[in-house]
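Peer 1: My questions will all concern the structure given below.
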Amino acid sequence: MIFALPTLAEPRHFSLAEKLLFLALAAASVWGFWRRFGVVLEKILEAKKDAGFHLFPIGRRGREFLWEVMCQAKVIRQRPLPGLAHAFVFWAFCAFALVTLNHCATILGIGFLDPDGFAGRCYFYFAAVFALACAVGILGLFVRRFLARPRWLGEKLSWESGLIALLIFALMATYLAAFFVSDKNPAAKALWWAHTLTLLAFLPVIPHTKHLHLVLSPVTVFLSRGGFSRIPPLSGDEDFGLVAGKDLTQLVSLQAYSCVECGRCTEHCPANNTGKRLNPKQIVLGLRGYLNEFGPSSDEPLLGKYNSQQAVFECTTCGACEFQCPVGIEHVPILVGLRRGAVNTGAWDDPHGAKLFLALERGSNALGFPLAERDRFIEKNALPLYDGTQEYCLWLGCMGGYDPKGREIILSLVRVMQHLGVTFGVLRKEKCTGDPVRRLGNDLLFQQLAESNMEALKQSKTKKIISICPHCVRTIQEDWKEYGTPPEIEHHSEFLARYADRLPQQQSREKIVFHDPCYLGRYRNVYDEPRAVVSLAGKLVEAPRHRERSFCCGAGGGLAFLGEETGERVSHNRAAELASTGASIVGAACPFCNTMFRDALAAQGAGAPQLLDIAQLAARTLPQDNST
Amino acid sequence: MRVLVILEERGGHISRTSWEAATAALRLAPMQEITAVVIGAQTELPAAEAAAKAFGKVIRVEHPLLAPYTSDGYCAALHQLIQQEGPTQVVFPHTYQVRDYAPALACRSGQALIGDVIEIADGPVFTRQLMQGRLNGSYRHAGNGPCFVSVQAGAFRAELPDAAAATPIETFTPAIDAAQIRTRPGEPFRGSAQTVDLGSAQWIVSVGRGIREAENLPLVQELATALGAELAASRPICDNGWLPMERQVGSSGQSVAPRLYLAVGISGAIQHLVGMKGSQCIVAINKDPDAPIFEVADYGIVGDLFEVVPALTEAVKAAKQ
Amino acid sequence: MKIIVAIKQVPERDAQVHIDSSGQWIEEANLQYAMNEPDAYALEEALQLKEKAGGEVIVISTGPERVSQTIREALAKGADRAIHVVCDDLAARDALGVARLLAAAIQPESPDLLLTGLQSEDLGLGQTGVIVAELLGLPHASLILQVEIIAKEGSKAQIKARRELEEGWFQSIELPSPAVLTIQSGGNKLRYATLMGIKRAKTKEVRTVHAADLGVSAAPAVALEAITLPKKQKSTQILNGSAEEAAAALVEKLKFEARVL
Ligand SMILES: Cc1cc2nc3c(=O)[nH]c(=O)nc-3n(C[C@H](O)[C@H](O)[C@H](O)COP(=O)(O)OP(=O)(O)OC[C@H]3O[C@@H](n4cnc5c(N)ncnc54)[C@H](O)[C@@H]3O)c2cc1C
Ligand code: SF4
Ligand code: SF4
């Protein structure tokens, strides 16, 4: 039976001239590759070492590599069709590695896969399956890029992409065609040469185009800093963040050269989608352009020719870009790094920003209220003070302490905790966690706030904190680590979900759409807990963009404090989407989302859904509540 | 006791805060031991005004170089007067002008001014605010010369007995040389009037979404006019283009700190509050008794703005006549 | 132009102040401190003058050891050097006593311009600058929002300043250098402190002078007897009745209680 199947034609005899020609071409091809690749590699290696980078433990790296590179999980999950097409191309390349090696070895008479032998035959068929899938995949991608043309791939048609698609297709076609000729037939040799020439042409194209990612991205993924959007520590007295080329680290440079220009980051970027100047892909490519022109030891400012300060300060640090990026580029640390460079040197001159910084230099909260206002709130509502004996220290945060809406969330949570008999207390000496200044790149102020808070927590012997604000949670748990050991902290959604079975279930079938806060979802990986709470109070419905792909409310990254946005308001974009689900309630889990949507939903006009935090939803299920 | 009270003129009359300072001086000495001092280049009219009260006497400190006001001129003149009169206390109203020269004047006698006093108890013990009003401090004079005191506006209610018989008026002519006056003050002027300058406005009427339609804005405009106030708004009003952006109060608009902020149909969202929380007196008109704006307000009226605002406009007009 | 800025360290605006056991001062143990805000404006004005016209900005501050932190902050914002008048009994001195310390320390520097904040956020005396001017025999102007150098001849300069008067009025005032100006908050935009500034400040000169070595009297002319908590607490008064009644009641309150009409 098996003999009825076609066999791969492999020419057996090559003249000396052919051999010499092959060797010469191969050498030229490798030289063409190295001529560019060597330069790139040199720039990456010449860049400054990353502070706080550890290769070990290697297990995480291995797992991420397997999942993201070998399984192409992210590529497929976030864009299923093109993702799958890409995955087939990738897997075909993997399968082809052996075929290609053998192919070249044949001319030198040292081929190791015998087309007639059992193993060889099996392997060639195996590769042929991938070659077929790859050819279909590449055709599909070609159609998408040149005919469908989604916006995020950019305005200009890329001839490079066309050329590469052609080369890949030719590689696969010449391979597959060889199954249909006999090895005696001169066509076999023609196919062999066609395949070889395509291959040798392909190699030097790689480092000159975005297909450099073929080589770099597996390394990038493997070496990623780890921990979503983690802001690296500054190193030494002369490090103020990303000011000039000399501040670019090896990882940042590697990432800059790895970008495959797929535009996924831009596709999901809330700033870019609402008419701002910021384009995360261009930020990365800007750094690449900078490295190409000025190199990694230059004093030329990074914010200038290739990237603009305005764009960098339009980022909400939502992390959608970083989450999407298939090649492991960490945008948020880059964007925050550029902000650090501008703020730590005083180059950023923004009236709203300066006001925020001064409010926190002189006072305790980002809103600039006197602390007495917070004390009044605590006294009026008889909130117990934390004395070290209660189970939780209830962190109010700026919004919980001063914002009328944030206070309502706190009071709802307090009711639920009291109903559950869980003890808690609040602190008198609480300051802003430093979230907005951290994301805006003010390291001096952030350090002062983190240290002063950690000192107060230590004095009050706090062991466990609960907070209604995902920004507080993230900042306390992750960012404070740079300056000490923060206590354990939990977001109220996690707490409420844990106690969900002790809270009454409401029979209401009211539709509630839940908005995933960036700092709870992507940053903390908490998706199911708030949904469990929502389900207590009504019927959960999902917005088109939800969970990992949730769309930002526009408040993060300090932007809530920076005055009017240009273009459409991010919050309005999202509010319209949430309202379009037909839900009668929008469930939120972050006081910043809450403040943005309160305003944006009101602008939707009459009939807009009601806005409630999950704590308020949970409180609604309690008996004798008629407040909402 | 011999008390000197330095009176100030404002708009052709002795100012209210001066009368208040004179009333405060009554805590230190009976009326006949208090000497009222008027100072300037021409002091006849204020002297007559002061003489209508039952002061022990009135002194006109007069010299051509005392107009316009300069610290150098006032210090020289009053120091000579103090040397002549040898008072136990010198009392001032705590005005910007007094703050400019009284510390130097006190220093010239080797004393320190007890400034911005809100209460005077037996002793005498003077109370003034510390830590932006969070604490009170009580002070005693410990020096061996006259005690200098300035009195906060509004801390005492002006109540002075009228003179039964004619109060003696003396004139004191200080020796001042033009070379002693080192500063050259210019004419007073108003802050830029043509552009909207909410930041330095003293009275603001601010309107929110409760106004419902642009057509209703004249209602609040009238109230603003009656009060002599600037018109401001919350963001939705400016978003709709009903009022220009530069009239928006809040985190993405202007920060204001007027003496009076009157919020009409504004709920009091945090972004709005941060822009106006520094106002001296906040009034809210809102139909929702639970609106957060009432949390920060000093006075509130729960009611329909379409009824309350016209009534208020009338009341203000009546009060201003 | 040589500009000296006198700055004061005060308890942070949000510090929780408690009266100490003597009843005469506040507990200092757990307090956090900051630069007095009007002084920050004075410093900003000085830095801007220097950026425009060149020269040197020197900050001077008196107080105990902890004051050096605020001095660092001023150096971080751009001052060139500093003088720290170490004095552990500042609270026991009156405005005249403090001004004497400053004047004695400033005199040998003979600055062209001395700026101070209008008043401090803790004691709120608002006198120091004016008294220092008197002690040094210099002309002064208070409540200044903006400063301009209009003429310069050798080391002599003519200064023009914008002065705030009451109720929305302003005035410009001219005076010859050397002079003293007390600066009102809000005339400028403050700059925020930066990491780079703090790092650079480490190498700047801070000269310490001890109060005892300045040979000035510490005997106060005014003595603080006690500090107490004020009675009143802010609360909202809701005015009831018909629209007309409420409106009339409001006007009455605004006129006679709040006194803002
Ligand atoms: C990033 C960001 C920045 C922002 N910046 C600003 C800013 O700078 N300034 C600003 O103001 N807002 C700002 N906002 C918007 C803010 O969150 C609120 O949405 C806005 O202040 C609400 O305005 P409002 O109070 O007029 O309207 P609403 O909140 O709709 O309140 C209307 C009020 O009018 C009352 N009312 C209705 N009818 C009557 C009647 N007949 N008589 C009496 N009362 C009546 C209602 O009870 C209600 O309290 C910002 C929001 C965001 C997210
Ligand atoms: S973090 Fe969010 S806002 Fe910032 S660039 Fe990425 S996607 Fe855009
Ligand atoms: S940064 Fe990542 S997601 Fe963005 S274009 Fe480059 S490869 Fe794609």
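The values are calculated or read from the model by the stated rules, or taken from the named source; none is laboratory data. Keep in mind it's a predicted model, so treat the numbers as computed, not measured. Cβ coordinates were reconstructed from backbone atoms using ideal geometry, including for glycine residues, and neighbour counts include every protein chain displayed. Quick note on the areas: whole protein, heavy atoms, side chains included, nothing else; ligands and nucleic acids left out. Shrake-Rupley method; radii C 1.70, N 1.55, O 1.52, S 1.80 Å.
Peer 1: Quick one: which residue in C:180, C:130 is assigned to a helix (DSSP H, G or I) and buried (at least 19 other Cβ atoms within 10 Å of the Cβ)?
Peer 2: C:130
Peer 1: Also, I was wondering about something else. Take the conditions touching a residue at least 40 places away in the same chain (Cβ under 8 Å), in the same structural domain as residue A:37 (by TED's automatic domain parsing), among the hydroxyl-bearing types (Ser, Thr, Tyr) and more than 18 Å from residue A:260 (Cα to Cα) and apply them to residue A:209. Does it pass?
Peer 2: For residue A:209, the condition - touching a residue at least 40 places away in the same chain (Cβ under 8 Å), in the same structural domain as residue A:37 (by TED's automatic domain parsing), among the hydroxyl-bearing types (Ser, Thr, Tyr) and more than 18 Å from residue A:260 (Cα to Cα) - is not met.
Peer 1: Out of segment B:41-70, which residues are touching a helix residue (DSSP H, G or I) at 6+ places or on another chain (Cβ under 9 Å), open to solvent by less than 10 Å² (accessible area, probe 1.4 Å) and of a type in the set (Gly, Ala, Ser)?
Peer 2: Of everything in segment B:41-70, just one residue is touching a helix residue (DSSP H, G or I) at 6+ places or on another chain (Cβ under 9 Å), open to solvent by less than 10 Å² (accessible area, probe 1.4 Å) and of a type in the set (Gly, Ala, Ser), namely B:50.
Peer 1: May I pose another question? If you check C:225, C:252, C:174, which single one turns out to be of a type in the set (Asp, Glu), in a strand (DSSP E or B), modelled with pLDDT under 95 and open to solvent by 20 Å² or more (accessible area, probe 1.4 Å)?
Peer 2: Going through C:225, C:252, C:174 in turn, just one is of a type in the set (Asp, Glu), in a strand (DSSP E or B), modelled with pLDDT under 95 and open to solvent by 20 Å² or more (accessible area, probe 1.4 Å): C:225.
Peer 1: Filter segment C:13-27 for residues that are charged (D, E, K, R) and open to solvent by 20 Å² or more (accessible area, probe 1.4 Å) and give the result.
Peer 2: Once the filter is applied, which keeps residues that are charged (D, E, K, R) and open to solvent by 20 Å² or more (accessible area, probe 1.4 Å), segment C:13-27 yields C:13, C:20, C:27.
Peer 1: Criterion first (within 11 Å of ligand 3 (Cβ to nearest atom), at pLDDT 95 or above and not charged (D, E, K, R)) does residue A:287 satisfy it?
Peer 2: Against the criterion (within 11 Å of ligand 3 (Cβ to nearest atom), at pLDDT 95 or above and not charged (D, E, K, R)), residue A:287 qualifies.
Peer 1: A further question follows. Take the residues of segment B:247-256 that are touching a residue at least 40 places away in the same chain (Cβ under 8 Å) and not in a strand (DSSP E or B): which is farthest from the other protein chains (Cβ to nearest Cβ)?
Peer 2: This residue is B:247.
Peer 1: Looking at segment C:146-175, which of its residues are in contact with a Ser or Thr (Cβ under 9 Å, 6 or more places away or on another chain), closer than 22 Å to residue B:103 by Cβ and more than 9 Å from every other protein chain (Cβ to nearest Cβ)?
Peer 2: The answer is C:159, C:161, C:162.
Peer 1: Also, I was wondering about something else. Return the only residue of B:294, B:306 being away from chain A (no Cβ under 13 Å), within 11 Å of ligand 1 (Cβ to nearest atom) and among the aromatic types (Phe, Trp, Tyr).
Peer 2: Criteria check complete, one pass: B:306.
Peer 1: Criterion first (small (Gly, Ala, Ser) and either over 23 Å from the mean Cα position of the chain (by Cα) or under 16 Å from residue A:470 (Cβ atoms) (or both)) does residue A:575 satisfy it?
Peer 2: Considered against the rule, which asks whether it is small (Gly, Ala, Ser) and either over 23 Å from the mean Cα position of the chain (by Cα) or under 16 Å from residue A:470 (Cβ atoms) (or both), residue A:575 comes out as no.
Peer 1: How many of the residues in segment B:259-281 are away from chain A (no Cβ under 13 Å) and without any contact (Cβ under 8 Å) to a residue 24 or more places away in the chain?
Peer 2: 2
Peer 1: If you don't mind, there's one more thing I want to ask. For segment B:104-163, name all the residues that are more than 8 Å from every other protein chain (Cβ to nearest Cβ), in a strand (DSSP E or B) and among the aliphatic types (A, V, I, L, M).
Peer 2: Across segment B:104-163, the qualifying residues are B:117, B:118, B:120, B:121, B:149, B:151.
Peer 1: Oh, and also: For the condition open to solvent by less than 20 Å² (accessible area, probe 1.4 Å) and over 30 Å from the mean Cα position of the chain (by Cα), what is the one hit in A:377, A:357?
Peer 2: Selected residue: A:377, the only one of A:377, A:357 that is open to solvent by less than 20 Å² (accessible area, probe 1.4 Å) and over 30 Å from the mean Cα position of the chain (by Cα).
Peer 1: If you take the residues in segment A:244-283 that are buried (at least 23 other Cβ atoms within 10 Å of the Cβ), over 16 Å from the mean Cα position of the chain (by Cα) and among the hydrophobic types (A, V, I, L, M, F, W, C), which one is farthest from residue A:305 (Cα to Cα)?
Peer 2: Checked segment A:244-283; the qualifying residue farthest from residue A:305 (Cα to Cα) is A:254.
Peer 1: Which is closer than 27 Å to residue A:371 by Cα, surrounded by fewer than 24 Cβ atoms within 10 Å (Cβ to Cβ) and out of contact with any Cys (no Cβ under 7 Å at 6 or more places or on another chain), of B:262, B:198, B:231?
Peer 2: Residue meeting the stated conditions: B:198.
Peer 1: Say whether the condition of being open to solvent by less than 30 Å² (accessible area, probe 1.4 Å), of a type in the set (Ser, Thr, Tyr) and touching an Asp or Glu at 6+ places or on another chain (Cβ under 7 Å) is met by at least one residue in segment A:465-477.
Peer 2: yes
Peer 1: Select, from A:399, A:417, the only residue that is among the hydrophobic types (A, V, I, L, M, F, W, C) and either surrounded by fewer than 24 Cβ atoms within 10 Å (Cβ to Cβ) or over 24 Å from residue B:274 (Cβ atoms) (or both).
Peer 2: Being among the hydrophobic types (A, V, I, L, M, F, W, C) and either surrounded by fewer than 24 Cβ atoms within 10 Å (Cβ to Cβ) or over 24 Å from residue B:274 (Cβ atoms) (or both) holds for just one of A:399, A:417, which is A:417.
Peer 1: Return only the number of the condition from (1) surrounded by fewer than 21 Cβ atoms within 10 Å (Cβ to Cβ); (2) hydrophobic (A, V, I, L, M, F, W, C); (3) in a loop (DSSP other than H, G, I, E, B) that residue B:226 does not satisfy.
Peer 2: Status for residue B:226: all satisfied but (3).
Peer 1: Go through (1) open to solvent by less than 50 Å² (accessible area, probe 1.4 Å); (2) within 11 Å of chain B (Cβ to nearest Cβ); (3) touching a helix residue (DSSP H, G or I) at 6+ places or on another chain (Cβ under 6 Å) one by one and return the number of the condition residue C:135 breaks.
Peer 2: Only one criterion in (1) open to solvent by less than 50 Å² (accessible area, probe 1.4 Å); (2) within 11 Å of chain B (Cβ to nearest Cβ); (3) touching a helix residue (DSSP H, G or I) at 6+ places or on another chain (Cβ under 6 Å) is unmet by residue C:135, namely (1).
Peer 1: Separate question: For segment A:257-276, how many residues are closer than 21 Å to residue A:90 by Cα and either more than 9 Å from ligand 3 (Cβ to nearest atom) or small (Gly, Ala, Ser) (or both)?
Peer 2: Qualifying residue count, segment A:257-276: 3.
Peer 1: Answer yes or no as to whether residue A:564 is within 11 Å of ligand 1 (Cβ to nearest atom), assigned to a loop (DSSP other than H, G, I, E, B) and open to solvent by 30 Å² or more (accessible area, probe 1.4 Å).
Peer 2: For residue A:564, the condition - within 11 Å of ligand 1 (Cβ to nearest atom), assigned to a loop (DSSP other than H, G, I, E, B) and open to solvent by 30 Å² or more (accessible area, probe 1.4 Å) - is met.
Peer 1: Test each condition in (1) facing chain B (nearest Cβ under 8 Å); (2) farther than 30 Å from residue C:97 by Cβ for residue C:225 and report the one that comes out false.
Peer 2: (2)
Peer 1: Filter segment C:95-128 down to the residues that are farther than 30 Å from residue A:357 by Cα, touching a Gly at 6+ places or on another chain (Cβ under 9 Å) and within 11 Å of chain B (Cβ to nearest Cβ) and list them by number.
Peer 2: Once the filter is applied, which keeps residues that are farther than 30 Å from residue A:357 by Cα, touching a Gly at 6+ places or on another chain (Cβ under 9 Å) and within 11 Å of chain B (Cβ to nearest Cβ), segment C:95-128 yields C:95, C:96, C:99.
Peer 1: For the subset of segment B:1-17 comprising residues that are modelled with pLDDT under 95 and outside any strand (DSSP E or B), which member is most open to solvent (accessible area, probe 1.4 Å)?
Peer 2: Within segment B:1-17, the match that is most open to solvent (accessible area, probe 1.4 Å) is B:16.
Quick grid of which residues meet (1) in contact with an Asp or Glu (Cβ under 7 Å, 6 or more places away or on another chain); (2) outside any loop (DSSP other than H, G, I, E, B); (3) away from ligand 1 (no atom under 16 Å from the Cβ):
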| residue | (1), (2), (3) |
| --- | --- |
| A:290 | no, yes, yes |
| A:316 | no, no, no |
| A:323 | yes, yes, yes |
| A:327 | no, no, yes |
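Peer 1: Checking residue A:366 against (1) within 17 Å of residue A:560 (Cβ to Cβ); (2) among the small types (Gly, Ala, Ser); (3) part of a loop (DSSP other than H, G, I, E, B); (4) facing chain C (nearest Cβ under 10 Å), which single condition isn't satisfied?
Peer 2: (4)
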